[in-house]
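The values are calculated or read from the model by the stated rules, or taken from the named source; none is laboratory data. This one's a predicted model, so the numbers in the text were calculated from it and none came from an experiment. Note that we place each Cβ from the backbone using ideal geometry, even for glycine, and neighbour counts take in every protein chain shown.
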Amino acid sequence: MFFSLNLFSVWYSITRNLNACSQDSDLMRHSSEQSVFHKQDGSGDGIPRWPWFVYLTGTMVCLVCSSLSHLLACHSNRYNLFFWRLDYAGISLVIVSSFLAPIYYTFYCNPNPRFFYLTSILVHLTLQGTAIRFFMCLLF
């Protein structure tokens, strides 16, 4: 119950911010007439969908990596290390991709903070991807 109320409040605040950003006076118009991703005003500008597709792609890649690693990691010691690295990479990818959509839509009206946060998340993903070989050695 608490989890569903929390998700509703997050969803409501994101849609409220998007509606305020598009100068829409009726805050709940999207629930009855249109979805959030369609045109909100008469100018023809729509809210972009790519952050949601990035999230969905990240989760699907994580599921594929996890499935492969749990299925094929028992082949040999060499393949075991490779597939667990692949699993960790998939988990890192889903963590980063789950941050992109909420941050993009939260800072939809403020492009400078949005650029800063999205860039910092992608830099952390790059650093994490390059450091995975170091942390997967036998010392740890």
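Cβ-Cβ distances below 9 Å connect the following pairs, each with a first residue in the range 75-91 that is touching a residue at least 24 places away in the same chain (Cβ under 8 Å), a second residue that is aromatic (F, W, Y) and assigned to a helix (DSSP H, G or I), and a separation of six or more residues or different chains: Y88/F135. Considering the range 98-132, and only residues there that are touching a residue at least 60 places away in the same chain (Cβ under 8 Å) and surrounded by fewer than 16 Cβ atoms within 10 Å (Cβ to Cβ), the residue that is farthest from F53 (Cα to Cα) turns out to be C109. Taking the residues in the range 104-140 that are farther than 26 Å from R78 by Cβ and hydroxyl-bearing (S, T, Y) as candidates, determine which candidate is modelled with the lowest pLDDT. Of everything passing the filter in the range 104-140, T126 is modelled with the lowest pLDDT.
Looking at this structure, is I91 in a helix (DSSP H, G or I), surrounded by 15 or more Cβ atoms within 10 Å (Cβ to Cβ) and modelled with pLDDT of 85 or more? Before the answer, list the steps.
Working: in a helix (DSSP H, G or I): yes; surrounded by 15 or more Cβ atoms within 10 Å (Cβ to Cβ): no; modelled with pLDDT of 85 or more: yes.
No.
Scanning the range 68-88 for residues that are surrounded by fewer than 16 Cβ atoms within 10 Å (Cβ to Cβ) and either touching an Asp or Glu at 6+ places or on another chain (Cβ under 9 Å) or in a loop (DSSP other than H, G, I, E, B) (or both) gives L68, H70, C74, H75, S76.
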